[in-house]
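Below is one structure, written out as structure tokens; the observations come after it.
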Amino acid sequence: MRNSMKRITLISFLLCFGMIHYSCNNDDNTTTDDTPPMDDSVITDDDIVTDDDPIIPPDKAGQVEFFNPSKVDDGYVLINDAGNDRVYIMDKEANILHEWDLPFGIGNDVELLSDGRLLGIMKAEDPDITYGGQGGKLQFVNPDSTVEWNFDYSSPEYITHHDVELLPNGNLITLVWEQRTVEQAEQAGSSLTIPIFPEAVIEINPTTDEIVWEWHAWDHIIQDHDDTKENFGVIADNPRLIDLNYVTDKEGDIMHANGIEYDEVNDLIYISVNFYHEVWVIDHSTTTEEAATNAGGNYGFGGDLVYRFGNPEVYGNTMGERRFYNNHHPRLLSGTDIGKFSIYMNGGDLNQSTAYELLLPNPFTLLPNTDNEPTVAWSFTDTDLYAPRVSGLVKIPTGNRLITEGDFGVWEVSEPGEILWKFEGQGFFWRAYHYDRDHPGIIALGL
């Protein structure tokens with residue numbers, strides 16, 4: 001049981017006698033909608049190093065356990081350790097092969113590009129908006145850790161957070177929290193009496209540092225709280241709109257998107273929205289002006305949701321099965337898996353996580369009182385698999401899956417669900433990415 005009973009006993013003893021003060025590393029204060037947000041001062045058993053924890057040599061990332069070595073993929077793993085602000089590449093023996101020095105720390109996501117650079121969202125020096133997962137900086141970082149490009153986007157009114165994606169045209173898309181004042185929130189029919197921070201997506205041209213496209217959830221909200229407001233309506237009759245008052249217990253961070261993915265074939269953007277327990281799909285083919293309306297773009301809906309899935313309850317739909325209870329790492333599959341979508345379902349209400357691959361409908365339909373949910377193509381869970389925060393899922397070309405269990409480490413499982421390998425480290429793991437040994441980025445690093 002991962003020494004959990006020993007840790008619980010030790011923690012109780014230490015807390016009773018006031019001998020220690022620790023704070024946990026929290027990516028996003030992710031909770032379910034029935035519980036208050038986690039306090040960054042809370043001590044958890046996974047955050048405390050005890051005498052039972054092994055001493056890890058400096059060139060080792062942690063411990064590994066092989067369950068079926070012959071089936072383990074012989075690739076490399078890039079680890080995003082948000083708890084220790086570390087990004088490194090390791091082999092399956094947990095030998096650290098390359099590590100970057102990132103003085104600002106990671107705002108969560110960092111990926112290796114084909115030329116050996118990192119693309120990452122880093123932390124602003126002194127952010128005004130400090131929800132878990134905040135960033136404020138986008139950077140290209142060279143193999144020697146020098147910063148090739150930096151884009152700051154942090155103020156009292158907005159901040160980039162959690163995730164960034166490179167588009168085929170060389171531009172970047174990223175998530176943004178943007179403040180709405182108490183007065184603005186009240187005018188929009190919010191049931192809260194505090195500033196709120198809905199989501200936005202911006203696209204940046206790194207050559208000019210211009211924001212060349214943007215989408216704002218604020219332009220696509222509906223509410224049934226205040227019938228004197230223009231956006232008052234029946235939630236269930238408007239599945240392409242976002243219920244402003246679905247979340248009322250998160251201290252202003254009412255949506256908490258935590259992942260973004262781009263569909264090059266269909267020019268769509270997928271957004272993992274943790275507190276709504278679902279994924280939103282929006283049309284990137286719109287102009288910025290069209291994205292603020294409900295018309296235009298390839299799908300004709302402007303910036304309204306083209307599709308959504310994971311939690312039909314969020315838009316008053318009694319049809320279709322709710323599968324998501326908090327979710328991270330939206331990812332489109334490719335090749336023979338085109339049309340499939342993977343995600344890590346944290347399972348906050350269930351105390352059990354599940355890794356899903358879903359077969360998306362084609363074409364998308366999003367209708368009231370209709371089962372709009374995708375079908376399950378593959379899934380994996382285990383009694384030991386549970387991380388209420390962060391975490392992710394990557395399909396390896398061999399067919400194995402790399403599952404990041406945020407407060408433990410990484411699993412590798414086979415297509416039939418056999419556990420092949422585990423990595424356990426003393427960190428807080430946002431995501432892990434697989435790279436073949438002949439990947440151009442790995443070659444560029446000289447590994």
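So here's what we get for this one:
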read-out: Calculated FRET efficiency for the pair residue 232/residue 186, C-beta based, R₀ 22 Å, to 0.05; value: 0.95
read-out: Solvent-accessible area per residue, Å², over segment 321-447 with all protein chains present [probe radius 1.4 Å]; value: 36
read-out: Dimensions (Å) - segment 236-342, Cα atoms, principal axes, largest first; value: 37, 34, 28
read-out: Cα gyration tensor of segment 161-229 - equivalent ellipsoid semi-axes, whole Å, descending; value: 31, 11, 9
read-out: Filter on 229/340; 60/250; 60/137; 137/250 - keep pairs with C-alpha separation over 31 Å; value: 229/340; 60/250
read-out: Hull volume in cubic angstrom per residue (convex hull over the Cα atoms of the chain); value: 147
read-out: Separation of alpha-carbon centers, segment 258-311 and segment 343-387, rounded to whole Å; value: 18
read-out: For the chain, built as a Gaussian network whose Cα springs stay under 10 Å, the top-fluctuating residue of 119, 385, 167; value: 167
read-out: Segment 139-268: translational diffusion in µm²/s, Stokes-Einstein, Kirkwood Rh over Cα pairs, 37 °C, 0.692 mPa s; value: 200
read-out: Cα-based Rg and Dmax for segment 385-447, where Dmax is the largest Cα-Cα distance (Å); value: 12.6, 36
read-out: Cα-derived Rg to Rh of segment 330-447, Kirkwood definition; value: 1.01
read-out: Environment charge of residue 145, counting only residues whose C-beta is closer than 14 Å and scoring Lys/Arg +1, Asp/Glu -1; value: -3
read-out: In degrees, nearest ten, helix 4-17 long axis to first principal axis of the chain (Cα); value: 80
read-out: GNM top mover of 127, 198, 416 - the chain, alpha-carbon springs below 10 Å; value: 416
read-out: Segment 391-408 versus segment 171-212: alpha-carbon centroid distance in Å; value: 31
read-out: Dimensionless Rg ratio for segment 346-413, taking C-alpha atoms and the 2.2 N^0.38 Å reference; value: 1.30
read-out: Gain upon complete extension [residue 71, residue 377; 0.36 nm per residue less C-alpha separation]; value: 108.0 nm
read-out: Global form of segment 286-354, assessed from the alpha-carbon gyration tensor, a/c cut-off 1.5; value: oblate
read-out: Estimated FRET transfer efficiency when R0 is 35 angstrom, pair residue 248-residue 211 (beta carbons, to 0.05); value: 0.70
read-out: Heavy-atom accessible area per residue - segment 243-306, 1.4 Å, Å²; value: 29
read-out: Relative contact order (%) - the chain, alpha-carbon pairs under 8 angstrom, separation at least six; value: 14
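The values are calculated or read from the model by the stated rules, or taken from the named source; none is laboratory data. On a predicted model such as this, the values are computed, not experimentally measured, just so you know. Every residue, glycine as well, gets a Cβ built from its backbone with ideal geometry; the counts of neighbours run over all protein chains shown. Side chains included, ligands, DNA and RNA excluded: accessible areas come from the protein's heavy atoms. Shrake-Rupley method; radii C 1.70, N 1.55, O 1.52, S 1.80 Å.
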